[in-house]
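Remarks on the structure that follows.
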Amino acid sequence: MEKKILFEIKALYRDDFRVTGYSFGQGERAACVVGSMRGNENQQLYCCSQLVRKLKELEAEGRIHSGKEILVVPCVNPYSMNIKKRFWSIDNTDINRMFPGYDEGETTQRIAGGLFEAIKDYRYGLQFASFYMPGRFVPHIRVMKTGFEDVELAREFGFPYVLLHTPRPFDTATLNYNWQIWETKAFSVYTTTTEEIDRSSARQAVESVLNFLRKADVIDYDGFEGYVSKVVSTEDMVTVRNRSAGFFEGKAEAGEHVRKGQVLACIADCYEGEVIDEIRSPIDGTLLFAHAEPRVYQNTAVYKIIPEREEW
Amino acid sequence: MIETVVQVELPVDETLRIRRMRLQPEDGGNGRRISVVTGIHGDELEGQYVCYKLSDYIQKNMGCLRGTVDIYPALNPFGIDSITRGIPAFDLDMNRIFPGSAEGDMNEYLAAQIVRGVAGSDLVLDIHASNIFLTEVPQIRINELHADRLLPWAKEANVDFIWIHGASTVLESTFAHSLNTADTPTLVVEMGVGMRITQSYGDQLFAGIVHLMKRLGVWDGEDFDVRTPVVSADNDDVCFLNASASGIFLKSVNHGASLRAGDLIGRIVNPLTGEVIDEIKSPADGWLFTIREYPVVSEGSLLGRILYGKKDSV
């Protein structure tokens, strides 16, 4: 293993800003794994730390294939993590909206550019990603439809679901999108949580990444074989919203199979405690996402359901 | 009349309302409509003064009003109230969620209803104030995709500068792009600096808006003379000055300054060591239409923008 600095900026009063990578094996740039890019992505950082630990063991056992190199970048934004701020410390910009970056641009453009220069030539690009909505996910792989996506390869992770996502304008400045445009096979790995560390889904995610690397002929590994993934387009998912604002009491969790008409959650008045809204499932299906905050605004996407279909 | 464009119930004893002042003759007017919009970014306050001044002026001269003037002073009330640029609680830039979705989450729903309220105006001005880091001369920014339609209006708005910039996919989620794409001409005004009000710029833009109202047939009262702006349609005309190092930026000139090649624009210093880390000099003759206001800089921070070769034009 080689620990190396991929990008650095000298600071005025803080320690220098560094993006650090861990390189395993030598040779062809086979796979790059990127962890937290925002200051609240504890789970994503944790997943990378566990992956680094496992890869150290595998390398010591000679199980990284000759001529293959794996790079793990646990954290792209230590500055924001250390002050518990989600986006860039000074101007609140999001590094994951700055790709492919620009080495003569503003600070976060330079960070994105410096990182991208170091990681753009890998055959496979994996990012432990997070979603802006507060809640819990069923672990899954997300692939952007750019015309370069490889859905069959995404199944090799062995997650229950592969989600195909049509990019919106702001997605074109993300790492995943730009990796694909630069011909890296790119996948976003979603685990259950973001701020909170969920060790169980982190273990599953790390096993899935190792499983993928084994199938991609990068490592020898005897572990989790995984599921036969169902490929679902985000347009096929059904979003369930609440009519009223108030306390949110979830009665169904991410991953649960639900029936049409089943009560998924109740909304209670924040002052008087009475239940003012019952949220029922509009279809039979599996909950991919479940809201997980004590209070909820009106018209929030509190559940996302993968419909039950024969053809999945 | 104050109207609620969209409202959303909040969990704890509050309703979020986005409101507009609709000013029109008692008979409803001639059907022409101008909308003045601001406050998408909660830290940009220059538009507050313009909205106040326009509303006050029209209400004191209602007999001159022929069409409709809609004034939207706060598209992001949470942000303005909490000195937050984006939408608090969501950490979301409101100007990246348009045109929104009536079926979307709370913010997408708000965006969709705002677009619904503004769409169909004969002209829209979306007033911004750069951000807390930069001060700008009054200017209008136009996406090159919409230049043919917007430039004639922009020239009548009494700004100093019109910057026609290249198209960018990311900007397709902005309020102005969404409306322009939906055939509602929308001008983006940038002036002054975040968290402050520069009344002289507000007065200047106010005069431009009244002039535009006159041109649109919305207004039959007093008109104001407007200045002729510098127009830049070539991206190579604009030079971006970025910090070479982290430190404290001390500016030597103000925005709007005419520069000769080699003129000192500012210094980056280290208060701990007492060193000057870098001196920022103008690379060529030009006009400094943006300067950094916020002193703390990281490597790469934007320090200013220069329009080349326009020294004698302003």
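The values are calculated or read from the model by the stated rules, or taken from the named source; none is laboratory data. The shown structure was predicted, so the numbers you read here are calculated from the model rather than taken from an experiment. Ideal geometry is used to build each Cβ from the backbone, glycine not excepted, and the neighbour counts take in all protein chains shown.
Please go through region B:148-174 and pick out each residue that is touching a helix residue (DSSP H, G or I) at 6+ places or on another chain (Cβ under 6 Å) and either touching a residue at least 60 places away in the same chain (Cβ under 8 Å) or assigned to a loop (DSSP other than H, G, I, E, B) (or both).
The answer is B:GLU156, B:ALA157, B:ASN158, B:ILE162, B:ILE164, B:GLY166, B:ALA167, B:VAL170, B:SER173, B:THR174.
Can you pull out every residue in region A:151-180 that is of a type in the set (Phe, Trp, Tyr), in a helix (DSSP H, G or I) and more than 12 Å from chain B (Cβ to nearest Cβ)?
Within region A:151-180, A:PHE157, A:TRP179 meet the criteria.
Any residue that is touching a residue at least 24 places away in the same chain (Cβ under 8 Å) and in a helix (DSSP H, G or I) - is there at least one of those in region B:16-38?
Looking through region B:16-38, none of the residues is touching a residue at least 24 places away in the same chain (Cβ under 8 Å) and in a helix (DSSP H, G or I).
Out of B:GLY274, B:GLY300, B:GLY256, B:GLY262, report the one residue that is within 24 Å of A:TYR102 (Cβ to Cβ) and either hydroxyl-bearing (Ser, Thr, Tyr) or outside the structural domain of B:ALA129 (by TED's automatic domain parsing) (or both).
From the options B:GLY274, B:GLY300, B:GLY256, B:GLY262, the qualifying one is B:GLY300.
May I ask you to list the residues in region B:268-292 that are within 14 Å of chain A (Cβ to nearest Cβ) and among the basic types (Lys, Arg)?
B:ARG292 - this is the single residue of region B:268-292 that is within 14 Å of chain A (Cβ to nearest Cβ) and among the basic types (Lys, Arg).
So A:GLU308 fits all but one of (1) in contact with a Gly (Cβ under 6 Å, 6 or more places away or on another chain); (2) of a type outside the set (S, T, N, Q); (3) farther than 20 Å from A:TYR132 by Cβ; (4) within 11 Å of another protein chain (Cβ to nearest Cβ); what number is the exception?
(4)
Residue under question is B:GLN48, and the condition is that it be in the same structural domain as B:HIS211 (by TED's automatic domain parsing), among the polar types (S, T, N, Q) and outside any helix (DSSP H, G or I); does it hold?
Taking the combined requirement at face value, the residue does not satisfy it.
Quickly run through region A:234-287 and pick out the residues that are under 30 Å from A:MET144 (Cα atoms) and within 14 Å of chain B (Cβ to nearest Cβ).
Those that are under 30 Å from A:MET144 (Cα atoms) and within 14 Å of chain B (Cβ to nearest Cβ): A:THR234, A:GLU235, A:MET237, A:VAL238, A:THR239, A:VAL240, A:ARG241, A:ASN242, A:PRO282.
Which residue, of B:SER246, B:SER282, is in contact (Cβ under 8 Å) with a residue 12 or more places away in the chain, under 25 Å from A:ARG18 (Cβ atoms) and buried (at least 17 other Cβ atoms within 10 Å of the Cβ)?
Only one candidate passes the filter, namely B:SER246.
Say we look at region A:181-204 and pick out the residues that are of a type in the set (Lys, Arg) and part of a helix (DSSP H, G or I); which of these is surrounded by the most Cβ atoms within 10 Å (Cβ to Cβ)?
A:ARG203
In region B:249-265, which residues are surrounded by 15 or more Cβ atoms within 10 Å (Cβ to Cβ) and either within 14 Å of chain A (Cβ to nearest Cβ) or assigned to a strand (DSSP E or B) (or both)?
Of everything in region B:249-265, those that are surrounded by 15 or more Cβ atoms within 10 Å (Cβ to Cβ) and either within 14 Å of chain A (Cβ to nearest Cβ) or assigned to a strand (DSSP E or B) (or both) turn out to be B:PHE249, B:LYS251, B:SER258, B:LEU259, B:ILE265.
Of the residues A:LEU51, A:LEU55, A:LEU71, A:LEU45, which single one is away from every other protein chain (no Cβ under 14 Å) and part of a strand (DSSP E or B)?
That would be A:LEU71, the only listed residue that is away from every other protein chain (no Cβ under 14 Å) and part of a strand (DSSP E or B).
Looking at A:VAL189, A:VAL209, can you tell me which residue is among the hydrophobic types (A, V, I, L, M, F, W, C) and farther than 26 Å from B:ILE97 by Cβ?
A:VAL209
Can you report the number of residues in region B:191-228 which are in contact with a Lys or Arg (Cβ under 6 Å, 6 or more places away or on another chain) and outside any helix (DSSP H, G or I)?
Of the residues in region B:191-228, 4 are in contact with a Lys or Arg (Cβ under 6 Å, 6 or more places away or on another chain) and outside any helix (DSSP H, G or I).
Please work out which residue is surrounded by the fewest Cβ atoms within 10 Å (Cβ to Cβ), limiting yourself to region A:90-116 and to residues that are more than 19 Å from the chain's Cα centre (by Cα) and touching a residue at least 60 places away in the same chain (Cβ under 8 Å).
Among them, the one singled out is A:GLY114.
Output the residue which, of all residues in region B:194-241 that are under 19 Å from the mean Cα position of the chain (by Cα) and of a type in the set (Gly, Ala, Ser), is surrounded by the most Cβ atoms within 10 Å (Cβ to Cβ).
By that ranking, first place goes to B:GLY208.
Just checking, does region B:96-110 include any residue being out of contact with any strand residue (DSSP E or B) (no Cβ under 6 Å at 6 or more places or on another chain), closer than 19 Å to B:PRO77 by Cβ and among the hydrophobic types (A, V, I, L, M, F, W, C)?
Yes - at least one qualifying residue is present in region B:96-110.
Every residue in region A:121-144 that is more than 9 Å from chain B (Cβ to nearest Cβ), surrounded by fewer than 21 Cβ atoms within 10 Å (Cβ to Cβ) and out of contact with any strand residue (DSSP E or B) (no Cβ under 6 Å at 6 or more places or on another chain), please.
Once the filter is applied, which keeps residues that are more than 9 Å from chain B (Cβ to nearest Cβ), surrounded by fewer than 21 Cβ atoms within 10 Å (Cβ to Cβ) and out of contact with any strand residue (DSSP E or B) (no Cβ under 6 Å at 6 or more places or on another chain), region A:121-144 yields A:PHE131, A:PRO134.
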